Amino acid sequence: MFGKLLLLFTVVPIIELMLLIKIGEYIGTLYTITIVILTGIAGASLARSQGLSVLNRIRFELSEGRIPGEEIINGFCVLAGGIMLLTPGLITDAIGFLLIIPVTRKLIQTWIKNKLYHMVRTGNINIYFKK
């Protein structure tokens, strides 16, 4: 696990930096910085609106006496997408938008549910309930 995190926090920023430098060579530094700032602003705005929408659906599910499992996964996707969009870089922005846009988030949510289901069935994950 440590190796994967180390890889994530070292290789991804290096790739992002190389991509930003290449794009800066083609379109110019000012335009590149503008793109990064605009995607950050747009992403934060979209993450906020989607996050509030998910939060309202969680509240509704709870008020109906249901466990909001799907909405919790949705909330996790929106949170992760928001973090990715606030991170400077175009690759993380693309992944962030995929996690926040409802259509693509639904596909990712289905993948996460299938992955969790498989982990529970094979015994790779244990679920403990508080008594």
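None of the figures in this text is laboratory data; all of them are computed from the coordinates on show. Remember, predicted model here, so these are calculated numbers, not experimental data. Note that we place each Cβ from the backbone using ideal geometry, even for glycine, and neighbour counts take in every protein chain shown.
Out of 30, 38, 107, any idea which swings most in a Gaussian network model of the chain, alpha carbons joined below 10 Å?
Looking only at 30, 38, 107, the biggest GNM fluctuation is shown by 30.
Taking the number of other C-beta atoms within 10 Å as the exposure measure, put 76, 60, 9, 129 in order starting with the fewest. The partial results should precede the final answer.
Details: 76 15, 60 12, 9 9, 129 4.
So the residues, fewest neighbours to most, are 129, 9, 60, 76.
From the square roots a ≥ b ≥ c of the eigenvalues of the alpha-carbon gyration tensor of segment 2-122, which class results: rounded (a/c under 1.5), prolate (a/b over b/c), or oblate?
oblate
Straight-line reach from residue 4: which lysines have a Cα under 23 Å away, not including same-chain ones fewer than 8 places off?
113, 115
Give the distance, in whole Å, between the Cα centre of segment 13-64 and the Cα centre of segment 68-131.
Measuring centre to centre over Cα atoms gives 16 Å.
Rank these for me by crowding, 53, 63, 45, going from fewest to most other beta carbons within 10 Å. Show your work: numbers first, answer last.
Numbers: 53 15, 63 8, 45 11.
Ranking 53, 63, 45 by Cβ neighbours within 10 Å, fewest first, gives 63, 45, 53.
By how many degrees, between 0 and 90 and to the nearest 10, does the Cα long axis of helix 69-86 differ from the longest principal axis of the chain?
The helix 69-86 is inclined about 20 degrees to the chain.
Under a Cβ-Cβ cut-off of 12 Å, what is the net charge of the residues other than residue 66 that fall near it, where Lys and Arg count +1 and Asp and Glu count -1?
Working: positive: 57, 59; negative: 61, 64, 70, 71.
Neighbour charge sum, excluding residue 66 itself: -2.
Say R0 is 35 Å: what FRET efficiency, to the nearest 0.05, do residue 111 and residue 30 get from their beta-carbon distance? Spell out each step's value before the answer.
Working: r = 38 Å, r/R0 = 1.09.
For R0 = 35 Å, the calculated efficiency reads 0.35.
Taking the Cβ of residue 15 as the centre, find all other residues whose Cβ is under 15 Å away and add up their charges (Lys, Arg: +1; Asp, Glu: -1).
Details: positive: 22; negative: 16, 93.
Local net charge: -1.
What does the helix-only formula give at 222 nm for the chain: each DSSP H stretch with n ≥ 4 adding -39500 (n - 2.57), the total divided by the residues, and the result rounded to the nearest 500 deg cm²/dmol?
Numbers: 5 runs with 111 residues, N = 131.
When only DSSP H runs of four or more count, the value is -29500 deg cm²/dmol.
Just tell me which lysines come within less than 23 Å, Cα to Cα, of residue 22; anything on the same chain fewer than 8 places away is out.
Cross-link targets: none qualify.
Neighbour counts of other C-beta atoms within 10 Å: give me 18, 84 arranged from fewest to most.
18, 84
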